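Before any comments, here is the structure.
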Amino acid sequence: MKPIRLMTGFFTVGVWTLLSRILGFVREVLLLSLIGPGPVMDAFVAAFRLPNMFRRFFAEGAFNAAFVPMFAKKLEGEDGAQRFATDAFNGLALVVLILTGLGMIFMPALVWITAEGFSGDARFDLTVGYGRIVFPYILCMSLAALFSGILNATGRFAVAAAAPVLLNIFVIAAMTYAALTGKVVVNWLVWAIPLAGAAQLALTWRAAARAGFALRPARPRWTRDMRAMVFIALPAALASGVMQINLVVGQLVASQYESAVSWLFAADRLYQLPLGVVGIAVGVVLLPDLSRRLRVGDTTGAHHTLSRAAEVSLALTIPSAVALMVVPLALVTVLFERGASDVDDSAAIATAVTIYGLGLPAFVLQKILQPVYFAREDTKRPFYFALVAMVVNAALAVGLAPFVGWIAPALATTLAGWTMFACLAIGARRYGDAARFDARFHKRIWRILAASVLMGAVLIGTNVMLQPFIGLPWWRGLALLVLIGVGGASYFGVGQMIGAFRISEFRAAVRRGA
């Protein structure tokens with residue numbers, strides 16, 4: 001077996017994801033400054049979530065959970081990988097094409113189901129109109145996810161990780177052009193999204209062809225492998241559907257409050273930065289690597305791979321979570337407070353960021369533990385666990401709303417995230433040592449926590465000293481850089497000193513990925 005280089009793949013995906021998220025910040029800054037929290041932004045956010053919700057359901061969730069392990073094993077055994085990929089491509093294209101058509105027709109019903117609070121005001125019709133423009137994005141992105149799965153299984157992570165950058169480039173360019181020429185910004189924004197999806201599909205399609213998998217549209221075939229894939233994918237589809245229900249419940253609650261959908265969206269984008277760079281990057285690399293190791297019976301290698309993935313993930317995630325919890329207002333003020341977004345918006349967004357920060361380690365650990373199940377083609381147990389998390393999320397989001405208002409969905413998301421992690425961790429025990437973390441992980445995790453707590457104290461003190469500068473428009477950016485620099489230096493310095501990690505390990509991985 002030619003193993004996937006975990007750390008190199010992780011940093012390759014992580015660097016491209018970081019670039020995508022940085023551009024995503026630029027996108028959100030433009031969105032909040034040019035449009036601002038309110039009816040138009042609420043409508044756009046609700047519309048854009050529709051194709052993303054179904055994309056995660058069909059492509060990144062259920063489909064990839066079944067397709068990637070099966071494809072990786074066929075690739076390792078040289079057993080019909082090309083034919084299997086072609087059949088999967090044509091089957092997915094047919095299903096998502098039908099879904100796209102139905103979504104366009106029944107868009108008012110979709111909006112009512114996912115944002116019932118918009119009924120009776122201008123946001124409802126705006127969301128329906130925007131939704132019909134952006135919904136075809138799901139077709140392009142679902143197929144792009146298939147090609148990304150092929151590239152990841154063959155150890156080619158760069159193009160698949162770089163593809164999402166195109167969405168931000170298209171959107172930023174569209175909003176900038178509209179603002180400079182006096183056009184209606186939101187109209188250019190919504191039309192840029194399906195165009196960006198087509199560009200992402202073209203990029204990944206070409207990269208897969210260069211990797212030896214030039215897939216062409218044809219009549220779908222119902223084969224034994226396709227039946228097996230659907231059988232594996234169905235529980236994962238239900239699990240993904242449960243997770244999307246959590247998002248819908250949160251949006252339904254938030255839609256009852258003016259600007260709450262916009263505030264939660266902005267906060268979500270901030271905590272998604274470390275989640276995307278760390279958790280998603282590790283999950284993308286871990287699934288095909290575990291699948292191929294289990295194919296050849298390398299349980300020792302799988303045990304080591306899982307432990308190192310968790311170790312490096314938490315070494316970067318825990319300090320990020322601490323930063324989101326101790327200095328959220330400074331981050332939000334510098335990043336989002338300008339133009340149509342004011343100080344009240346910043347305070348609301350910062351409150352949500354603090355709560356999401358509490359759940360960040362749980363969300364990352366989920367990304368690490370789910371491949372433990374998917375690599376073994378076990379998608380049923382994650383579904384059962386997702387049901388438990390869904391009940392927790394719905395009960396808290398609806399039950400807490402009368403007491404804490406619009407912030408209830410954020411609290412529910414965080415607590416449901418920890419519930420899901422606990423279920424995954426307990427359920428993984430049945431797989432033995434290959435699904436447990438090793439002694440080195442347990443030795444280092446407490447030191448990572450200690451270094452993170454010290455960093456948090458340093459951030460609080462530094463933030464107090466920099467407050468006068470953070471309030472000044474021309475100095476706030478420099479003040480934030482100083483705050484991040486001091487916090488990062490304290491964390492990595494102390495972490496190296498007490499043995500939480502070795503900086504040389506990160507450097508070596510970056511050099512291999514370069």
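Being β-branched (Val, Ile, Thr) and modelled with pLDDT of 90 or more, is that true of even one residue in region 138-147?
no
Every residue, every condition in (1) within 14 Å of residue 268 (Cα to Cα); (2) out of contact with any Ser or Thr (no Cβ under 7 Å at 6 or more places or on another chain); (3) in contact (Cβ under 8 Å) with a residue 24 or more places away in the chain, yes or no:
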| position | (1), (2), (3) |
| --- | --- |
| 372 | no, yes, yes |
| 389 | no, no, yes |
| 394 | no, yes, yes |
| 400 | no, yes, no |
| 409 | yes, yes, yes |
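Taking residue 106, is it without any contact (Cβ under 8 Å) to a residue 60 or more places away in the chain and among the aromatic types (Phe, Trp, Tyr)?
Answer is yes for this residue.
Identify, from the list 400, 369, 360, 365, the residue that is surrounded by fewer than 20 Cβ atoms within 10 Å (Cβ to Cβ) and either in a helix (DSSP H, G or I) or among the acidic types (Asp, Glu) (or both).
Only one candidate passes the filter, namely 400.
Answer yes if at least one residue in region 438-451 is more than 30 Å from residue 375 (Cα to Cα) and either at pLDDT below 85 or small (Gly, Ala, Ser) (or both), and no otherwise.
Yes: region 438-451 contains one or more residues that are more than 30 Å from residue 375 (Cα to Cα) and either at pLDDT below 85 or small (Gly, Ala, Ser) (or both).
Pairs, please: C-beta under 7 Å, at least 6 apart or cross-chain, first residue over 17 Å from residue 185 (Cβ atoms) and in region 121-137, second of a type in the set (Ser, Thr, Tyr) and surrounded by fewer than 24 Cβ atoms within 10 Å (Cβ to Cβ)?
Within 7 Å, the pairs are 135/100; 136/100.
Look at residue 427 and say whether it is touching a Lys or Arg at 6+ places or on another chain (Cβ under 6 Å), outside the structural domain of residue 488 (by TED's automatic domain parsing) and buried (at least 17 other Cβ atoms within 10 Å of the Cβ).
Yes; evaluated as a whole, the condition is true for this residue.
The values are calculated or read from the model by the stated rules, or taken from the named source; none is laboratory data. Since the model is a prediction, treat every value here as computed from it, not as a measurement. Here the Cβ is made from the backbone with ideal geometry for all residues, glycine too, and neighbour counts use every protein chain on show.
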